[in-house]
Structure formats: structure tokens, C-alpha cells
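The values are calculated or read from the model by the stated rules, or taken from the named source; none is laboratory data. Because the structure is predicted, anything quoted here is derived from the model rather than measured. So basically every Cβ, Gly included, is an ideal-geometry build from the backbone, and we count neighbours across all protein chains shown.
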């Protein structure tokens, strides 16, 4: 497969992912909160804060997508193994960690308030798992790309 084709496919996945995240933050969370207040009208004061919180959780994901867009842009020029990409992967790891903290805060709030149906608990557990995996994967990728960039630089200096 040509690198330009691969980059187009990867960027398409990123674009679709960004649209899904925006859809969830702008329509999914408000729609779910509408359902929650229909079932439990006493929770209506929490609609606006939860919509804001949903957007806040989406922001690190969108920032990570933007960083990955830049990383994928380096593939066609054979610049994937660069210190800039290592830094981007490390930034993505920290964004994943920030999102993980936001999800854990939400989980703690829901547990303390006693409002945690099985579906929401399952979603939170999935988000925590994905967050932990993302932090580990992107920290490892950062270290690997940094090592490769340093080896590449050393070999260029040798020639």
C-alpha cells in the first residue's frame, strides 16, 4: 500500500472519529440528559453541568485527534521517526491521562450521588480501561519514536 493511500485512510478514520465525538458531545449527552430528567425530574438542575462536563471530556480527545493528524502528515515525507512526533505521542498520553481523570471524577460523583445505572457503570468502566491503555500505548510509542529518531540522527551524522 502506498504511504499516501495509508495516510488518506488514517486521516479519514480521524475525521470520522472527530465527528462521532462531536456528535456524542453535542447531541448524545444532551439527549441522554433529556431522558434522565424525564425519568427523574429532580435531576433537572444537573442538565447544564453534565452537558458542559460532556464537552470537557470530549476536548482532550479532539486535541489528541489533532495531534495524530499532524503525526500522520509526516508519514508521506518519511519523517515519522522524529523528535516532534515523539513529543506529540507524549502529549497524547497526557491528554489521555487528563481524560481518564475526568472520567474517574464523574464516576466518583455518580457513585457518591447514588445515580449509577448498570449501562452508565459499563460505559465508565470501558472509558477507564481505554484511558489506561491509551496512556500506556502512547507513552511507549513516544519512547520508541524518540529512540528511533535519535538512532536516525546518529546514522545521518555518521554518513
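From the list 24, 10, the lone residue that is modelled with pLDDT of 90 or more, more than 23 Å from residue 117 (Cα to Cα) and surrounded by 15 or more Cβ atoms within 10 Å (Cβ to Cβ) is 10.
Each residue in the stretch 67-107 was checked for being surrounded by fewer than 18 Cβ atoms within 10 Å (Cβ to Cβ) and not in a helix (DSSP H, G or I), and 7 pass. Screening the candidates 25, 64 for the property of being under 16 Å from the mean Cα position of the chain (by Cα), over 23 Å from residue 137 (Cβ atoms), touching a residue at least 24 places away in the same chain (Cβ under 8 Å) and part of a helix (DSSP H, G or I) yields one hit, 25. Taking the criterion of being within 30 Å of residue 9 (Cβ to Cβ) and surrounded by fewer than 18 Cβ atoms within 10 Å (Cβ to Cβ), the only residue of the stretch 34-55 that qualifies is 55. Hey, does the stretch 33-47 have a residue that's assigned to a helix (DSSP H, G or I) and under 30 Å from residue 88 (Cα atoms)? There is no residue in the stretch 33-47 that is assigned to a helix (DSSP H, G or I) and under 30 Å from residue 88 (Cα atoms). The combined condition, being in a helix (DSSP H, G or I), surrounded by 12 or more Cβ atoms within 10 Å (Cβ to Cβ) and at pLDDT 95 or above, is not fulfilled by residue 149. Out of curiosity, is residue 135 closer than 19 Å to residue 60 by Cβ and without any contact (Cβ under 8 Å) to a residue 40 or more places away in the chain? When the stated conditions are applied, residue 135 does not pass them.
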